1. So in the stretch A:67-106, with the set limited to residues that are basic (K, R) and modelled with pLDDT of 95 or more, which one is least open to solvent (accessible area, probe 1.4 Å)?
2. Of the residues A:T14, A:T8, which single one is at the interface with another protein chain (Cβ under 10 Å from one of its Cβ atoms), within 13 Å of DNA strand C (Cβ to nearest atom) and either out of contact with any helix residue (DSSP H, G or I) (no Cβ under 8 Å at 6 or more places or on another chain) or outside any loop (DSSP other than H, G, I, E, B) (or both)?
3. Counting only residues that are of a type outside the set (A, V, I, L, M), in a helix (DSSP H, G or I) and more than 14 Å from chain B (Cβ to nearest Cβ), which one in the stretch A:27-44 is farthest from DNA strand D (Cβ to nearest atom)?
4. Being in a loop (DSSP other than H, G, I, E, B) and in the same structural domain as B:V185 (by TED's automatic domain parsing) narrows it down to one of B:I151, B:I139, so name that one.
5. Would you confirm whether or not the stretch A:6-16 contains a residue that is of a type in the set (D, E), touching a Gly at 6+ places or on another chain (Cβ under 9 Å) and within 9 Å of DNA strand D (Cβ to nearest atom)?
6. Under 7 Å between Cβ atoms, which residue pairs at least 6 apart in sequence (or on different chains) link something in the stretch B:16-41 that is on the phi > 0 side of the Ramachandran plot with a partner that is of a type in the set (A, V, I, L, M, F, W, C)?
7. Is it true that A:I109 is surrounded by fewer than 20 Cβ atoms within 10 Å (Cβ to Cβ) and away from chain B (no Cβ under 11 Å)?
8. Please determine whether any residue of the stretch A:145-154 is touching a helix residue (DSSP H, G or I) at 6+ places or on another chain (Cβ under 9 Å) and either within 7 Å of another protein chain (Cβ to nearest Cβ) or on the phi > 0 side of the Ramachandran plot (or both).
There are 2 protein chains.
Amino acid sequence: MKRIADSTVRRLSTYLRYLEDLDTKGQQTASSDELAHLCGTTSAQVRKDLSFFGSFGKRGLGYPVHELTAHLREILGLEREWKVVIVGAGKIGAALANYRGFRQRGFRIVGVYDNDPNKIGKPWGEAIVHDMADLASDIRREEAPIAVLAIPSDDAQAVVNELIGAGVRAILSFAPAQITVPPHVSLKSVNMAIELEGLSFALTNALPSQGVA
Amino acid sequence: MKRIADSTVRRLSTYLRYLEDLDTKGQQTASSDELAHLCGTTSAQVRKDLSFFGSFGKRGLGYPVHELTAHLREILGLEREWKVVIVGAGKIGAALANYRGFRQRGFRIVGVYDNDPNKIGKPWGEAIVHDMADLASDIRREEAPIAVLAIPSDDAQAVVNELIGAGVRAILSFAPAQITVPPHVSLKSVNMAIELEGLSFALTNALPSQGVA
DNA sequence: GGATGTGAAAATCTTCACAGCT
DNA sequence: AGCTGTGAAGATTTTCACATCC
């Protein structure tokens with residue numbers, strides 16, 4: 001299959017969210033134009049994105065909401081459960097754990113780790129904070145493929161290397177540091193500083209046309 | 001000036017971070033190649049990005065670290081203080097407030113708002129949680145140009161409209177909802193569900209070459 | 001009639017490659 | 001010799017526009 005652009009995958013997630021809404025409301029079909037308006041893009045973009053994976057619509061009618069929802073779940077790999085370990089028992093990890101959508105979409109937290117003796121063994125939501133020393137062996141045992149990295153940047157790369165060594169194949173990092181992973185590992189980085197500085201730049205340079213994001 | 005791509009601005013932030021490191025270490029100059037390796041990009045990309053704003057390097061030598069740091073701060077609009085209001089006194093807002101880099105880079109939190117009576121009036125870090133009812137008037141008085149939106153998605157758009165009405169010109173949203181803003185307002189959205197689903201997609205479709213992010 | 005699916009065109013972003021300065 | 005700055009080439013992504021089908 002042709003390589004799918006990251007921007008396309010992000011939009012698929014968005015389509016899914018709104019299709020679920022429509023499905024809940026009992027709407028039977030949705031046109032590319034309706035979806036586009038909901039998701040802040042264009043109808044051509046919606047059709048193109050979906051066309052990479054098949055022909056889900058009916059000409060003259062639009063897309064069947066319930067079916068397309070299922071297709072998108074399948075495409076995004078959300079029909080199964082993903083085990084996730086959270087590294088760093090701080091605020092960010094807690095925010096993630098609190099987030100309902102997290103579990104709803106099949107991401108199950110199988111462990112929370114920290115190296116702070118004051119946190120280890122303490123309750124954290126419904127779980128207990130484990131010692132980072134056990135991280136690698138636990139990941140191997142659980143075969144958790146996804147890790148969320150929510151620690152200060154200083155030793156982020158070292159922890160990443162440990163995670164990968166233990167078999168993690170996808171990492172969502174909130175550490176404000178450049179991280180390198182081998183080709184078989186996926187990495188997404190969220191860096192609040194970069195986002196804020198982007199806003200600072202936009203304000204400073206008063207760019208017109210910022211519009212939707 | 002030509003429109004600057006969002007991807008360029010993001011890289012500028014990254015360059016700045018590593019230049020500050022080098023500057024702290026006392027390094028005098030850095031080549032585009034060195035910066036590229038630190039930041040996970042290519043030397044041509046570094047030179048191109050910088051070239052949009054001027055000629056900061058010396059041929060044969062590289063870029064003067066300290067000077068370029070100052071230039072990038074200037075370009076990104078970080079030489080001044082930005083007042084920021086945080087909407088939603090939950091975990092995400094707390095994570096942001098905790099984040100040292102936040103203040104270091106000139107973002108000053110001037111207020112935290114929530115509509116939960118159990119939170120209003122309670123301490124929150126060094127601040128006190130204010131009533132959302134006061135949001136608009138406070139923003140007008142303080143003239144805070146930036147808002148961080150860290151609330152559930154249900155009423156996100158309504159709050160955004162209120163913020164914009166009160167004069168906010170840049171919004172960093174963590175609400176997992178599509179938000180629309182007029183052209184004169186900048187919006188960045190961070191959506192953890194989208195990031196995780198992107199990882200799920202990558203794992204499911206076992207794309208080769210994920211590499212650095 | 002109405003909306004999809006899709007090649008082709010346009011726009012955008014990245015990489016190349018080399019002239020030109022230090 | 002070494003490294004920047006940049007026009008041109010290449011790659012990628014988005015938009016257009018229309019034939020095709022319900």
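1. A:K83
2. A:T8
3. A:D33
4. Sole residue among the options that is in a loop (DSSP other than H, G, I, E, B) and in the same structural domain as B:V185 (by TED's automatic domain parsing): B:I151.
5. Checked the stretch A:6-16: at least one residue is of a type in the set (D, E), touching a Gly at 6+ places or on another chain (Cβ under 9 Å) and within 9 Å of DNA strand D (Cβ to nearest atom).
6. Matching pairs, first to second residue: B:G40/B:V212.
7. Details: surrounded by fewer than 20 Cβ atoms within 10 Å (Cβ to Cβ): no; away from chain B (no Cβ under 11 Å): yes.
Taking the combined requirement at face value, the residue does not satisfy it.
8. Yes, that holds for at least one residue.
The values are calculated or read from the model by the stated rules, or taken from the named source; none is laboratory data. All values reported here derive from a predicted model rather than from experimental measurement. Cβ: placed from backbone, ideal geometry, glycine included. Neighbour counts: every protein chain shown. Heads up: the accessible areas ignore ligands, DNA and RNA and are worked out on the full protein's heavy atoms, side chains in. Shrake-Rupley method; radii C 1.70, N 1.55, O 1.52, S 1.80 Å.
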